[in-house]
Structure formats: structure tokens, C-alpha cells
Protein chains: 4
Amino acid sequence: MGDNPMKAFVMNGIGETGFAEKEEPQAGPNDAVVKPTKGLVCTSDVHTLHGAIGERENLTLGHETVGVVEEVGENVEEFEPGDRVAVGAITPDWGSAAAQDGHPSQSKEPLGGWKFANVKDGTFAEYVHVNEADANMARIPEDVTDEEAVYITDMMSTGFMGAEHAEIPVGGTVAVFAQGPVGLMATKGAELQGAGRIIAVESVPKRQELAREYGADEIVNFEEGDPVEQIHDLTDGEGVDSAIEALGTSGTFEQCVKVTKAGGTVSNIGYHGEGEHVNIPREEWGVGMAEIDIATGLCPGGRLRLERLLRLIENGRVDPTHMTTHEFGFDEIDEAFRLMETKEDGIIKPLILFD
Amino acid sequence: MGDNPMKAFVMNGIGETGFAEKEEPQAGPNDAVVKPTKGLVCTSDVHTLHGAIGERENLTLGHETVGVVEEVGENVEEFEPGDRVAVGAITPDWGSAAAQDGHPSQSKEPLGGWKFANVKDGTFAEYVHVNEADANMARIPEDVTDEEAVYITDMMSTGFMGAEHAEIPVGGTVAVFAQGPVGLMATKGAELQGAGRIIAVESVPKRQELAREYGADEIVNFEEGDPVEQIHDLTDGEGVDSAIEALGTSGTFEQCVKVTKAGGTVSNIGYHGEGEHVNIPREEWGVGMAEIDIATGLCPGGRLRLERLLRLIENGRVDPTHMTTHEFGFDEIDEAFRLMETKEDGIIKPLILFD
Amino acid sequence: MGDNPMKAFVMNGIGETGFAEKEEPQAGPNDAVVKPTKGLVCTSDVHTLHGAIGERENLTLGHETVGVVEEVGENVEEFEPGDRVAVGAITPDWGSAAAQDGHPSQSKEPLGGWKFANVKDGTFAEYVHVNEADANMARIPEDVTDEEAVYITDMMSTGFMGAEHAEIPVGGTVAVFAQGPVGLMATKGAELQGAGRIIAVESVPKRQELAREYGADEIVNFEEGDPVEQIHDLTDGEGVDSAIEALGTSGTFEQCVKVTKAGGTVSNIGYHGEGEHVNIPREEWGVGMAEIDIATGLCPGGRLRLERLLRLIENGRVDPTHMTTHEFGFDEIDEAFRLMETKEDGIIKPLILFD
Amino acid sequence: MGDNPMKAFVMNGIGETGFAEKEEPQAGPNDAVVKPTKGLVCTSDVHTLHGAIGERENLTLGHETVGVVEEVGENVEEFEPGDRVAVGAITPDWGSAAAQDGHPSQSKEPLGGWKFANVKDGTFAEYVHVNEADANMARIPEDVTDEEAVYITDMMSTGFMGAEHAEIPVGGTVAVFAQGPVGLMATKGAELQGAGRIIAVESVPKRQELAREYGADEIVNFEEGDPVEQIHDLTDGEGVDSAIEALGTSGTFEQCVKVTKAGGTVSNIGYHGEGEHVNIPREEWGVGMAEIDIATGLCPGGRLRLERLLRLIENGRVDPTHMTTHEFGFDEIDEAFRLMETKEDGIIKPLILFD
């Protein structure tokens, strides 16, 4: 690899996209080059495009992909060309202090495991470079499809993490705020953590329906009244053991604190893109003494994580493909971005087909 | 209550049972008296009868029951006569040091939360005394049947605890040794903790079938070969993240250590009734340095726990009644004990009907 | 007890104090009555007096006390009249759902374990009623003085909790914001949790001096520059593993988030008395994804906790009496309150002598 | 480096040692070569020599070293030639599944992080090869001496881990069995974890004395009676919260279980070199239900760990050099091994001087 031109879908300044010709990536000694077969567009791609992480020029977009290994570096032991693999959206530096501390997604700097379409070219290209390939990819089992597998790279890993951080007791009550794809996977994650009752906050009918499919026992429609009041009504004024914020606004974050009982946990997975502060409501937080803890996280990466998520699909514990509402060829990816922006046509996740 | 005679099914020395006339219990200020409607016979009742906890004379047997509140003490705030309730098999002293330390089942002395048919009369009687009633019983919701609810008092609480202690990662691999009723609930518990692959070790076809129903992905029949080898074969020699011992022999405990990978967890829920030692195999334990931790526990009690388990039934996450293989009237309870001893007729759990 | 009048120091509406004659308390079956020998005035008493928890009429103030048991209820097993005891500032209902959930300080309602001088009469009186005496008091060993012991009831329990919640790694770095008595004990607590480097934020020389005595390796004086910058300078821009908020303002809370590295923990022990929100700075919080968790808590109570804290004093691990800057007779307690309010004369803790 | 001969102290079959001439090691892209300045002989070197891990031919011994960087690979970012560094005794593969799972010491296979003098040449040589240098070494601060620093590589990391795994509550009680260098550091570690009372089991006067210096409040001499009885006497029959096994025999392991209260933790750091089983005493283990958990571990490595341990020395929290009882030149290392074997002359740790 390395000397030939390839096609990539790039950001050219804030709000501007287009196809560019780039040089094919090369694999260093620990790395791999992967040829994507299927990808997904993420709402955070849209955020990036609109400047959430600042100006970017000629940066390839995308971070959710599966594909076929094209080339591996000399130290790579686990993979060889031709392997069908899932690539983590987050690809940490595993020897870094943060990874040694149990926070690989923060390797080298805050959010430092997030490299694709942030500090290096993303996955919407004919070829993709993967750092520390042995540690950051996983082989896809024969009985798992590409479409299924691409959901583990971010949606399942992030959504499930929201539930894992929420300290849900077996049989406990959980509220999940917003049922976009990450929120839906948080709902499913809550079920997989043994929640006894899951309340999903959502107003869009198709998302409500999927929420039920992924484990929600009740739906709270915030367009029909204050969700805090509705959840207190549903729980006899007691509140929930755990609340998961899957939208990324200070308003929903505040609601999460308000519906959580003393001694409970708020788990944040929303990307807070705006404002100077995220606000904790002082009184409902028990003036700082009600033992309502707040957990946060960035999508866990790593081969082990990916393999475990694949196992859940393989054994029928979860089918993420119900979130695929649209399909586009790589050539049509611009249209996928447009829909993700407008959220029109009931879009949840658009699947990108590379061949 | 208190001055009338009532009928109780008692142990009269090792191996001897019979009905006795006893005085009806009275409720102290924090206590309640409950009239049982449904009960379950537990294998540990049979152990007790055969002397596992020593000689007992005129001790009422039984610890799994649901019923109707007959009387409450003056300090009881949460219940009143007529309430339909589940009574925890374990009824801790909640102010004790052990409970304050997070180990209520060990209150006042090791296993001190286990009072029924151990240090006080059990539940196979017309009336049952419950200490600290507000803390040790739970109201049964309308849409949960007595038969469903009686399973939370021990089987679900203990079995699920086995999975909770097993530190199962989302998508992780788990082996559950023995699929009696507690093992079956450990299997279900592993599923509720997000296991990606559950291997159940069992030889009896009916139990294998229930194991699959409760979440097992694969069955290892120890009559068809060494289960340690079979599990290593199934996991490409890697072993499992977590192993749950649900039988109570040193042999299966050793197997649990042998199938667990370095860094994994062995969760013991078996009652080890025999021998001087439970053996850890030294080499497979990594000469004490392979980070294979060993967790143990006694059935968690408490109103909160019971309420959470009821919620799982209420929302359809688990149906424990498939374990009910037989039904007997209270008068026929001797026959239930006989079957639990011989395990004949494919018995798993016999339901006792009190009215 | 019960029929005689006694003297109590009460709050009579916001900002008004005085001595009142009250009836001596009586012990219910699980309770005790204690005759105080030494007490401490807490800044939160002053907050209460100024309306932080609302209007109160004829409410006895105070919650930090040691004394001698005068009377015990019939169910009390651990204590008898004449015992020298420490009484927890927080006296939970141990059978409550919150206590069963590991959050006794939140029993029955948020902050529900806080009863003294909140929902019942406090400890600045000739006699004090203690609920669930077996669970909420501890006998003071012979070689521990009353003055030492009274510090365990709140200052040591709360301050140490701040460090316990801070997830301090062995050898990790910690910043403690504010070195009042709770902050000083958080500093000592950080040392007792194995912190490798403790940075205390404080401007008052006497408090800086005590901070060093209790384990601070460095002092950051916020009057000499932005403490966030100073801490980043001290840590080569890396930030600390853990920050402890021991003041209770949104401003210092924000600073805590800003000095904590990605993957670190903010532990709040400050009582946030003002404002609608406590603010999380969005960017420094990694837009919600930097894995900076936020923990909160209310002083842990309970006999076990008290006994463990006494053991630390007994074996010379901590000497809290260096915080006693003033002494007053019970008759002079008004002056102690005045000084705690103005913080004049370098006051840290005023010891109240009851005999 | 790489083409010149160097001197190494090797094992030549079981029980045989001697100096050999070997080729100088070379640094791969992620590696470093270090020239030792100070080293320590470990009892496990003696175990290895006597065949504990099997036959080895021409294997350089030693795993505790500090030195000066001689050469670094092209990818190494944190170090350069001339840096004074400590090298972890355990040097994990940080991208491995086990490391991603939080168990770096088990990377690639059980105990797989233990490479020196096991699967590759150890540190008793003129030059030492370090894999993943950025992740497995730490720069030594100016005010920490080589002698101090060499103790972090194994003794402090392992001993402190024993205390970290022991789940010691603040103010809790701990028993540490055996006060060799690792046991002494477990004693110090217990103090650094907030133990309220530390009971050290040891018979050798010099070790008893050091145990007191490192935090033991009481000494139990097993030559003066059954240590289990003595510890029960000291704790009014209650037992300890945590017991640490620092010897590595099934007998002391059993004693650990026997002195631990229901709900407590046994933390094993002993290397169990003999026998088919390590025995858990069945009854004292509460027939598997007393919630006495058993934790194990292998010395944690990694730059972050090493830096944190250095910080404890730098800020005066611990001085490990009191364990240095002897000094030898590299040429005299044979004599150091002889003494470690016989334990004569009151030896605790012999320091090896390389220049």
C-alpha cells in the first residue's frame, strides 16, 4: 500500500464536505490497513462537521466501520490480510498512563483514544489505517454479518457503557433519556445489566417502538408533560435507582439528577456540545450530600471489548440491525449526512455500503 | 395470636420428621406474624434434616414462603394484617455491625441472618414469626402470583447473587456448575448480568432443558467426559471469565478454578456440607498469583432485595415457575421431602399449598 | 427519665438562640438517653441557625457529642447506664430501604439519617435521645479521651469519607479545597488512603499549618493566584487524580473539576447552601466524556464506623485535638456560636464542656 | 549495543549458578536497554534457582533493578540515553486482552507479565533489555536514591498490592502473616490503606522490630502459641477484617481464613511453591457462605504504578531502605544468593552494587 491514490469523504472546513483523493495509508510495525465493507454515520460526525471540535481541513470523516484486512505491520500477530474485522471507533494507546489507569479512552490526553476523524483521517475512505492493530480490532465470527458487527464499534459499546456505569442493581429501576441509537443501546444495556424496570424518555413514535423492543417497560413522552413529574408519578415519588443521559444537553442532565433517588447514580453518555456549564440542580442533588453520584465515559475500545460484544450478537442476546433505517452506497454518503442532520424520514442509522 | 395451638412440620432429631402441635407465635414491637399460603421445599431443608447443622429437636422446618400478614407489632409501619407478602429466607438484624458492613446475611455471627429452621422455627407451619418485619418482607404486587413470588425468597435471590458476585463482564463467558434450582437461577442471573456465553454443566436431561430455557448457550455433560477439558475445548483453551459453583463439593469447586482464566472470578454459592477442606488446585490457581479471585455469599435478604426481584417477575424478565415440577398439600409435605431426598421423578422444586 | 425539666440550647426562629427548659427525653425499646460530657459546635449548626434548612422553633441545636449512658430501652443489648459513649451525628434507620442499599445516611428520605438539630432535638442539652442505640453509638475505650472521641462523630467520619470516595490510587495525587475542620480531616483521610502527594488549598496561616500537620505536602494559597493554574503548574499540567471539595460553593466545585485529570474523581463533601445550580465546567469535563466522575456523601454513621474511627485514635494514627482552638462551658455556648460565625480569633473548633 | 560481550549471572540447571559471557541486548523499536546500577536479590530468585518454574539453562537471574538508559528504540518517546530509571519486575504486554481486562500481569498467559528470569534473561547483567520501555520503566526523581528506588520494582508494588486487595476499611483490623520483605511492605501498605489495627505474625526479632517500624501495632509470635488463637484473643473472638498471606504455604493460608471474620477478605500474595492444593478450611469458611472472599495477585507493573510508588518515597511516606541488611558488589552476588537461601545473618534484603 501507500503509493496509490484512493477516494475519501472529507470535511473541508466547517459545514463543507466532499470527496477527495488521498494517498493510501501504510501500516507501521504495529498497525494494519483495512478496506471497509460497511460503515455507519454517527451523529457525532455531524457535530464534527459543524465545528464541535473546531476547524478541520481535508479530514476524512467516519469512525464506525468493518472491513477486510489489507496489510499488517511486522509485529502484528493476531491478524493477517483477508481477515474480516471490526475496527473500534476508539483506538487507544494501550501503554499510556491513562490506559494503565483503567481509562484507555483518555490515553495521552483527555478523549485521546478518539483518533478517527478527530486527530487522524476517519473511516469513510477506500482504506483505513488502524494503530496497534492487535489491540484495536477484532475478527468477526462467521455467523455474524458485517451489518451486525459494525454496530459494536460505537453504538453498542457506548450505549452499553452507559448502563454499566449506572450501577444498576439487579431488579433496579432505570430511566434512559433520549432514544437515539446510543440511547436505544443504553436501554438494551440496562436490560443486560438486570434492570427490573426501564423507563425510556422519548417523543418520536418509531424510537418509542424500538425502545420497547430493546427492553423499555414504559415510555415517557416529554411532549406530554414534564418528564421529571411523570417519572416521579410512575415511581410513587421515589425516583429511579439510575438515570442515563443519552442526549447531551444541560436540561436533560438536570432532569436526570432530579429523577434519581438519594443513593442513586446518574450516568452520562451524552456529548455536551454547548454552553459554558452543565448544571447540577442544587436542591435535588441534596445540597451535595444525597449520594447521587455522576459517572461519565467515552466509548470503550479494544479487541477484548469488541470480541465480547460480538459474542452477544452471536448468541442472540441483541440484534442491533433494527436500528438500520436507511442504506446508501459510499458514493451517496452525502445524502446520509444530510438526513442525519435533518433527522427527516425517521432516520436512525444509515448503513454505508462500500462495495 | 399466641395462645392457640397450631400445626407445624418439624424435625425431631436427625432424619426424623413429623407434624407437631405448637403455640402460635406472637409479634414483638418490630415483628409480624404471617399465615403461609405457598411454600417451597429446599435441598438445604433436607441437609438440615440429615444433620448438616447438627442435632435439632422439635424444630419447624422450611424457609421459603409467601403468605398473608396476620398480625404486626406496634412499630411496624409498612404492613398491616391482610397484606399479601413474601418473607425472605434470610431475615437479618439490620442494625448489627455486619449489616452496617454490607454483609447483613452475617449479622451477629457467621450466617447469622439465617434464622428460619436454624436458630428459630421455620415456615412450614400455620403461622410464621418474622423479625424486623418492615425490613424483611415485601408486599406482592397484584399481577404476581404466590407461586411466582415464593421463588424470590431464596432461589432467585441466591442464584442471582451467584452471578452478581461473579464479576461477569458484558459479553463475558460464564460456566455454571450444576443446574439444580439455585444453579438454574445462577444461569438466568448470568444472562441478566450481560453474559455473552453461558456454559451449563449438567447431566440430567430435564435440567439441561431448563438450563437452556434460562439462558444457557451450551451444555456440558460431565458424564460424557471431563468437564474441565470440555470447557477448555469450547473456549479454545482460554477458559471462562467467571465460574459459578452451585453444587457444594470440593471436586466441582476445583473444576471451577481450573476452567477460570487468569484474571477471572470463581463465585461460590454451593453449600459445602462435607470434608475438612475445600481445595484450591495450586498450579491452576497460578501458584496464588493468577488473579483468580474467589467470592462467596449467603442468600441476600431484605425488603429492597425482595421488591427488586418481584419487579423482574412483574416485567416479564424471568418466570421461575417452570421449576415447579410437583405440588403437595401441607398435609403431604412428608412426601415432598422424600422426593427431594431421592431426587426421583425428575423433581426440581415441590410447591407446598397451605390452603 | 422523662418527667423532669432540663436545660437545652435552642434555635428560636432564624438567627435567634437561647436556653430553654425542656422535658427530659425518654428511651423507647430500642433507644438510649445519654448525658453529654463534651460537644463540638459545627459550622453547619451556624448554617441551620441562619435558615439553611428552613425555619425552626424551639429546636435544640448540636449534633457532635460524647457522654455517659443514662438509660437504655429494653431491647438494647450493647450498652448499659454508665457507659462512656460517642453518639453519631448521623443516626440512620438501619432497616430502611436506603440503608439496605448501602446508603444509611439517606434512610427513609434524602439526608434522612441526619436527625439531630434537623428533625429532632440536637445534642446541646443536659440529656440526649438516641434512636436505635445499639446501632448508633460506640463505647469509648479507656485510653481515648472524651475530647478525642467527640471528633469521630462528624469531623473525622465526614472528612475521611471525602477521601474514601475520591478513589485515590496508592501514591496518587490529591487536591483538597478548603482546610476547615472537615477539609483538614479530608487531608488526613487522603494520607490514610495512601495518597502520594497532597495539595491543600487554603489562605489562612493557622489552617495551612494544620494542613501540613495532617499530611499536606504542598499548600496552594488562592489569594496568591488562580488555584487551578497553581495546581496545573505543580503537576506539570497533568492535574490530580482526585479533588475533594470541602467548602460548598459552586466556584470551588468548578475548580475541582478543572484540576482533575481525565479518568480522575471529584469527591464532594461541601454543603452547598446557595444558588440554583452547582456548575460543572463543560469543556474541562471533556464535554461529558473525560471520565471525571463526581461522588457525594453525607457523614457515615453507625457503631461499626465509630468503633473503627476510635481505633485510629487509639493506635495513634490521628490526633484530631489539634483542631480544638477554644473551650467553653455549656453556659457560654452562645459565645462559641458567635465565634464560629465570625471565624474570628483563628477559631477552628470550639469544645463545649458540659460539667 | 548488541555486538559486544557482557557479563551475566546465570542459572545453569537447577541449583547451579555462575557468571557467563553473553551478547549485549539490542532494543527493538519499542524497547530500551538499561545499564543496572543497583539491584536486589529476591527470595523468588532462590525459588527459581531451585526449580520452582522448572529447568532453566544459561538464564540470567534477577528482576529488581534500577539503572541508566543506554539505548532506546525509535518509537520510545518518554526516555533517552542517560536517564536514571527504575524497571518494573513485571513488564506486561499492554495491548494484550488480559491487560485490557485490568490484569496486565497476566498478559498473554497466566503470570505472562513476569518475563525477567522466567521467559527471558533477567537483570543481573551488565545490560538489560526492557520491552515496551515507555510503559514499563519510570524516571527516578533527583531526590530519590537508587537504593530507595529499587524497592519499588517489586517489594513495594507487591506488598502494597496485598493491602490494596485486602479491602481494608478505614480503621479496620488486619493480620499480616510473615514479615519477610514483601510481608513488611504489606504491613506498611495496610497502614497506607487506613488500617486501624495491624497485627503482624512473625517470630524473628529483627523482623518483628521492622514490622513495628512499618506500622504493626501488635506482634503475634507463632512460636509462642497458635496464631489463630492469639489473634482471636486479641480481637475478642471476632477476627479481623482482612488477612494477608505473605509466606506461601497452605498452612498459613488456612490460618488466614480462620482469623478472618464473616464478610472479611483474605488477600494472598504468597507464592505457593508446593503441594497439590491450597486448602480452604471448610467450616471456618462458613461452608462456603460466610462471605470471606479470597483475592490474589501478581506484582503490578507499569510506568504509572512505578511513578506513584516513587512519589510515596519522595514525600517521605515510606522509607524502604531499612530492609537493606547487606551489600554486595556484582562480583560477590553468589554470596548474596547463599545468604538468601540460608536466611543466616539476619538477612532481609541484600543490595547489589553494579559499579
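The numbers here are math on the coordinates, done by the rules we state, and not lab data. Because the structure is a prediction, the values reported are computed rather than measured. All Cβ positions, even for glycine, are placed from backbone atoms using ideal geometry, and neighbour counts span all protein chains on display.
Observations
- Under-5 Å amide H pairs with D:GLU24, H placed in peptide plane, nonlocal only: D:GLY2, D:ASN4, D:MET6
- Mean per-residue shielding of peptide D:185-194 is 3, counting Cβ atoms of other chains within 10 Å of each Cβ.
- A protection proxy built from the mean count of other Cβ atoms within 10 Å ranks the segments C:230-236, C:125-131, most packed first, as C:125-131, C:230-236.
- Extreme residue, positive dipole direction of chain D, given options D:MET161, D:ILE352, D:MET185 (C-beta unit charges): D:MET161
- Under the convention that each Lys and Arg Cβ holds +1 and each Asp and Glu Cβ holds -1, the size of the dipole of chain C around its Cα centre is about 440 debye.
- Inter-chain Cβ neighbour count for A:273-286, averaged per residue, equals 6 (cutoff 10 Å, partner chain atoms only).
- Values of log10 I(q)/I(0) for chain D across q = 0.09, 0.15 Å⁻¹ run -0.48, -1.28, by the Debye formula with one identical scatterer at each alpha carbon and no solvent.
- With its label point put 7 Å out from Cα toward Cβ, B:GLU142 sits 5.4, 6.5, 7.8 nm from the same residue's point in the other copies, in order from shortest.
- Taken about its Cα centre, region D:159-296 carries a charge dipole of about 360 debye when Lys and Arg each add +1 at the Cβ and Asp and Glu each add -1 at the Cβ.
- Spatially, region C:24-58 and region A:292-355 are offset by 56 Å when compared through their Cα centroids.
- Note, ³J(HN,Hα) from phi for region A:295-310, Karplus 6.51, -1.76, 1.60, rounded to Hz, x at Gly and Pro: 10, 9, x, 10, 2, x, x, x, 4, 4, 4, 4, 4, 5, 5, 4
- Note on region D:145-219: along the principal axes its Cα atoms extend 34, 27, 17 Å, ordered by decreasing extent.
- Which of C:HIS326, D:HIS47 has the fewest Cβ neighbours within 10 Å, and the rest in rising order: D:HIS47, C:HIS326
- Fewest neighbouring Cβ atoms within 10 Å first, the residues D:ARG338, D:ARG317 line up as D:ARG338, D:ARG317.
- Neighbour-limited loop hits for GluC sites (Glu not before Pro), region D:142-219 (at most 10 other Cβ within 10 Å; DSSP other than H, G, I, E, B): D:GLU142
- The orientation-averaged projection of the convex hull spanning the C-alpha atoms of region B:251-337 amounts to 9.5 square nanometres.
- Selection from A:GLY95, A:VAL69, A:LEU111, by position along the positive dipole direction of region A:41-138 (Cβ): A:LEU111
- Between 0 and 90 degrees, the angle of helix D:155-164 with respect to the longest Cα principal axis of chain D falls at about 40 degrees.
- Computed across region A:159-296, the Kirkwood hydrodynamic radius from all distinct Cα-Cα pairs reaches 14.2 Å.
- The amide H of A:GLU327, built 1.01 Å from its N in the peptide plane, has A:LEU351 as neighbours under 5 Å, considering only residues 5 or more places off or on other chains.
- The Cα atoms of region B:208-262 give a gyration tensor whose axes a ≥ b ≥ c have a/c under 1.5, which makes the shape rounded.
- Length-normalised contact order for chain D - Cα pairs under 8 Å, 6+ apart - percent: 17 percent
- Label geometry 7 Å along the beta-carbon vector: B:LYS206 inter-copy distances in nm: 4.9, 6.8, 7.8
- Distant-in-sequence amide contacts of C:ALA243, defined by a placed amide H-H separation under 5 Å and a gap of 5 or more residues or a different chain, comprise C:ALA175, C:THR265, C:VAL266, C:SER267.
- Our coupling estimate for region B:40-51, obtained by passing each phi through the Karplus curve with A = 6.51, B = -1.76, C = 1.60 and θ = phi - 60°, is 10, 8, 10, 4, 6, 4, 5, 4, 4, 4, 8, x Hz, Gly and Pro reported as x.
- Overall size of the protein assembly as shown from C-alpha positions, given as principal axis extents largest first: 93, 65, 65 Å.
- Net charge dipole size for region A:248-332 [Lys, Arg +1 and Asp, Glu -1 on Cβ; Debye, nearest 20]: 480 debye
- Highest-fluctuation residue, B:THR158, B:THR324, B:THR187 considered, GNM on chain B with Cα pairs under 10 Å: B:THR324
- Residue-wise HN-Hα coupling along region C:328-343, computed from phi with Karplus coefficients 6.51, -1.76, 1.60 (Hz; x: Gly, Pro): 9, x, 3, 4, 9, 4, 4, 5, 4, 4, 4, 5, 5, 6, 7, 6
- Compactness of region C:136-179 was expressed as the Cα radius of gyration divided by 2.2 N^0.38 Å, which yields 1.49.
- Top positive-direction residue, dipole computed over region B:208-355 with Cβ charges, set B:VAL318, B:ILE333, B:GLY270: B:VAL318
- Label zone at B:ASP226, where the point sits 7 Å out along the Cα-to-Cβ direction: region B:277-305 residues whose backbone N lies under 15 Å: B:281-285
- Helix axis angle, D:181-192 relative to chain D longest principal axis, alpha carbon, degrees: 70 degrees
- Once C-alpha pairs closer than 8 Å and six or more residues apart are averaged by separation and normalised to the residue number of region B:159-296, the relative contact order reads 24 percent.
- Among the listed pairs C:LYS7/C:LYS120; D:LYS206/D:LYS349; A:LYS108/D:LYS35; B:LYS108/D:LYS261; B:LYS206/B:LYS349, those beyond 20 Å (Cα-Cα): A:LYS108/D:LYS35
- Counting only alpha carbon atoms, the long axis of helix C:250-259 and the longest principal axis of chain C meet at about 50°.
- Set of region C:7-35 residues, backbone N closer than 16 Å to the point 7 Å along the Cα-Cβ line of B:GLU74: C:26-32
- Distance cut-off 24 Å, percentage of C-alpha pairs in region A:1-124 lying past it: 31 percent
- Per-copy distances of the B:ASN75 label point, shortest first, in nm (7 angstrom along Cα→Cβ): 0.2, 6.5, 6.5
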